[in-house]
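The values are calculated or read from the model by the stated rules, or taken from the named source; none is laboratory data. All values reported here derive from a predicted model rather than from experimental measurement. With ideal geometry, Cβ positions are generated from the backbone for all residues, glycine too; neighbour counts draw on all protein chains shown. These area figures cover heavy atoms from the full protein model, side chains too; ligands, DNA and RNA do not enter into them. Shrake-Rupley method; radii C 1.70, N 1.55, O 1.52, S 1.80 Å.
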Amino acid sequence: DAASLGSQKGGVSKHGWLYKGNMNSAISVTMRSFKRRYFHLAQLGDGSYNLNFYKDENTSKEPKGTIFLDSCMGVVQNSKVRRFAFELKMQDKSTFLLAADSEAEMEEWISTLNKILHSSFEQAMQEKRNLDLNDDEDHGKAEISSGSFPDNFQTARDIESKMRSEARLKLFTLDPDTQKLDFSGIEPDVRPFEEKFGKRVLVSCHNLSFNLQGCITENEEGPTTNVEPFYVVLSLFDVQNSRKISADFHVDLNHPMVRQMTCGHVSGSNLEIIGDGLLEGLGLAPHYPTQGVFSITCPHPEIFLVARIEKVLQGGITHCTEPYMKSSDSTKVAQKVLKNAKTACSRLGQYRMPFAWAARPVFKDASGTLEKNARFSALYRQDSSKLSDEDMFKLLSDFRKPEKMAKLPVLLGSIDVTIDSVAPDVPNCVTSSYIPVRNFEKNGPGSALLEVEEFVPCIAKCAQPFTIYKNHLYVYPKHLKYDGQKSFAKARNIAVCVEFKDSDDDEAQPLKCIYGRPGGPLFTKQAYAAVLHHQQNPEFYDE
């Protein structure tokens with residue numbers, strides 16, 4: 001190793017603990033700028049020395065850094081910054097600031113390092129004298145063999161040292177952008193980092209109505225509405241790249257009287273509101289967001305806005321959708337559906353099931369021109385065997401083929417959702433973490449806009465630095481293989497409850513960190529993944 005090599009040649013060897021100053025803050029170095037490092041003086045094969053430093057006394061691993069002493073001009077004491085401190089002055093006018101634990105140790109290090117520098121200088125001068133004495137003879141031999149030779153002959157060590165020094169000084173030539181900067185004049189105009197967005201689209205949800213309607217009050221004096229609560233989940237799908245490119249935006253467009261059908265399941269022991277009252281502080285409680293701001297980094301015509309419609313768990317999809325596919329007299333049918341819905345909401349109000357879906361294109365072209373005139377498609381019945389995102393991509397790939405879409409069963413109803421462009425500084429907006437952005441007006445007119453998280457592709461042209469901490473974890477329960485169990489021959493109505501606990505202990509408590517549903521608390525302790533009714537081998541879909 002380097003230490004034994006140095007001792008074999010009669011070289012100098014030294015090692016020990018020192019404090020190394022942080023030279024990034026050399027203008028105002030403080031006691032906090034020093035870190036304790038283990039320094040080891042190593043002699044190389046050409047006789048030069050390196051001063052390596054490590055985190056501990058194990059010098060067999062790679063050092064944390066190296067000081068090349070062949071580029072050092074001198075070592076002097078510097079007691080202005082710290083007691084027992086000294087600095088190494090380099091050829092490029094930089095310095096390395098070190099400090100020992102005692103004055104004796106400091107003087108020993110200074111003496112050792114200066115001894116190395118002095119011996120290196122003496123060796124270089126001796127080599128130069130030897131060259132001068134043999135210059136004529138060597139010059140003559142060179143002319144005989146090659147006809148000419150440079151006058152200023154250098155040893156291999158001098159050449160290596162010069163190349164090493166030049167290479168260090170040209171380190172930043174590896175970065176082409178650095179070469180474009182002109183530091184010759186005044187300081188460059190460096191502006192603060194600006195957060196970059198993709199194409200921002202404002203999605204406004206206005207109404208969801210089915211042809212099957214009625215009055216849900218006992219005395220039938222209330223308004224005519226949908227006879228049961230429905231919930232809309234909006235998200236963006238990139239069919240060209242088979243990627244879901246946004247988080248889900250949950251919207252509750254139900255009439256206030258319809259919402260009361262599940263009021264017993266909106267709040268409870270497991271659905272307490274977060275202690276800091278964030279929604280109340282923003283003037284958003286109770287919060288029923290109807291406007292979301294989506295961001296699309298790579299717009300193109302094959303991006304679709306998909307609306308998935310859910311309802312309270314009641315039965316199979318085919319059975320539940322049958323009343324909504326008939327255009328006959330609906331008064332008796334509506335009352336029957338209302339009765340079943342009230343029973344289901346009182347027992348299973350917190351559980352959801354898939355019901356229908358609709359979609360519409362977002363862009364006309366790859367430049368990000370919005371398709372404002374497009375409307376949502378018909379409300380298609382959700383197929384119980386096609387619940388995954390992969391199944392949705394297959395359906396959307398046939399969206400512009402009328403002959404194939406005509407084969408899908410349609411529910412009688414419509415959804416009214418519009419899209420529009422939005423400025424980066426739109427007022428009264430909160431992030432996906434419910435943090436208000438600039439121009440936010442507490443208790444301002446209308447509902448606050450909620451930014452919907454974009455799932456940016458992991459490619460170089462879309463990469464941007466993070467400007468805020470965003471600690472979101474997306475959990476998608478997808479499948480449950482239940483056919484191998486023998487306890488329940490006809491297992492049904494199985495749901496997955498998702499909890500985030502503070503430890504692995506049996507008595508660990510769930511944390512209140514799962515985002516709640518519209519109208520409820522901001523954070524809850526539990527979330528449920530819905531499942532189809534009467535399925536022995538159920539396939540879950542995420543909420």
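Here's a check for you: in the stretch 394-425, which residue that is among the small types (Gly, Ala, Ser) and either touching a helix residue (DSSP H, G or I) at 6+ places or on another chain (Cβ under 6 Å) or outside any loop (DSSP other than H, G, I, E, B) (or both) is surrounded by the fewest Cβ atoms within 10 Å (Cβ to Cβ)?
Narrowing the stretch 394-425 to residues among the small types (Gly, Ala, Ser): 397, 406, 413-414, 421, 423.
If we keep only those that are either touching a helix residue (DSSP H, G or I) at 6+ places or on another chain (Cβ under 6 Å) or outside any loop (DSSP other than H, G, I, E, B) (or both) as well, we get 397, 413-414, 421.
On the way: Ser397: 14, Gly413: 19, Ser414: 15, Ser421: 12.
If we take residues in the stretch 394-425 being among the small types (Gly, Ala, Ser) and either touching a helix residue (DSSP H, G or I) at 6+ places or on another chain (Cβ under 6 Å) or outside any loop (DSSP other than H, G, I, E, B) (or both), then Ser421 is surrounded by the fewest Cβ atoms within 10 Å (Cβ to Cβ).
Tally up the residues in the stretch 29-49 that are in contact (Cβ under 8 Å) with a residue 40 or more places away in the chain, surrounded by 13 or more Cβ atoms within 10 Å (Cβ to Cβ) and not hydrophobic (A, V, I, L, M, F, W, C), please. Before you say what the answer is, go through the steps one by one.
At the first step, the residues of the stretch 29-49 found to be in contact (Cβ under 8 Å) with a residue 40 or more places away in the chain are 29, 31, 34, 39, 41-49.
If we keep only those that are surrounded by 13 or more Cβ atoms within 10 Å (Cβ to Cβ) too, we end up with 29, 34, 39, 41-44, 47-49.
Checking which are not hydrophobic (A, V, I, L, M, F, W, C) leaves us with 43, 47-49.
Of the residues in that region, 4 qualify.
Tally the residues that are of a type outside the set (D, E, K, R), within 19 Å of Asp46 (Cβ to Cβ) and open to solvent by 30 Å² or more (accessible area, probe 1.4 Å), restricting the search to the stretch 63-89.
So the answer is 3.
Exactly one of these conditions fails for Asp420: (1) modelled with pLDDT of 80 or more; (2) over 25 Å from Val251 (Cα atoms). Give me its number.
(2) is the only condition that Asp420 fails.
Hey, does the stretch 426-444 have a residue that's open to solvent by less than 30 Å² (accessible area, probe 1.4 Å), within 30 Å of Pro192 (Cβ to Cβ), modelled with pLDDT of 90 or more and part of a loop (DSSP other than H, G, I, E, B)?
No, the conditions are met nowhere in the stretch 426-444.
Could you please find all residues in the stretch 348-383 being touching a Pro at 6+ places or on another chain (Cβ under 8 Å) and open to solvent by 10 Å² or more (accessible area, probe 1.4 Å)?
Pass one, the stretch 348-383, residues touching a Pro at 6+ places or on another chain (Cβ under 8 Å): 361-368, 371, 374, 380-382.
Correct list: Pro361, Lys364, Asp365, Ala366, Ser367, Glu371, Ala374, Tyr380, Arg381, Gln382.
For residues that are over 25 Å from Glu451 (Cα atoms) and at pLDDT 90 or above, scanning just the stretch 191-210, find the one that is surrounded by the fewest Cβ atoms within 10 Å (Cβ to Cβ).
Here is the first cut: in the stretch 191-210, the residues over 25 Å from Glu451 (Cα atoms) are 191, 209-210.
If we keep only those that are at pLDDT 90 or above as well, we get 209-210.
Details: Ser209: 15, Phe210: 23.
In this case the residue turns out to be Ser209.
Ser327: under 40 Å from the mean Cα position of the chain (by Cα) and of a type in the set (S, T, N, Q), yes or no? Talk me through it step by step, then tell me what you get.
Values: under 40 Å from the mean Cα position of the chain (by Cα): no; of a type in the set (S, T, N, Q): yes.
Against the criterion (under 40 Å from the mean Cα position of the chain (by Cα) and of a type in the set (S, T, N, Q)), Ser327 does not qualify.
Which residues, taken from the stretch 227-247, are open to solvent by 20 Å² or more (accessible area, probe 1.4 Å) and either of a type in the set (Lys, Arg) or out of contact with any helix residue (DSSP H, G or I) (no Cβ under 6 Å at 6 or more places or on another chain) (or both)? Full working, then the answer.
To start, the set of residues in the stretch 227-247 that are open to solvent by 20 Å² or more (accessible area, probe 1.4 Å) comprises 231, 239-244.
Hits for the stretch 227-247 are Tyr231, Gln240, Asn241, Arg243, Lys244.
Residue pairs, Cβ under 8 Å, 6 or more apart or interchain, first in the stretch 229-253 and touching a residue at least 12 places away in the same chain (Cβ under 8 Å) and on the phi > 0 side of the Ramachandran plot, second among the basic types (Lys, Arg) and assigned to a strand (DSSP E or B). List them.
Here the result reads none, with nothing in the stretch 229-253 linked to a residue that is among the basic types (Lys, Arg) and assigned to a strand (DSSP E or B).
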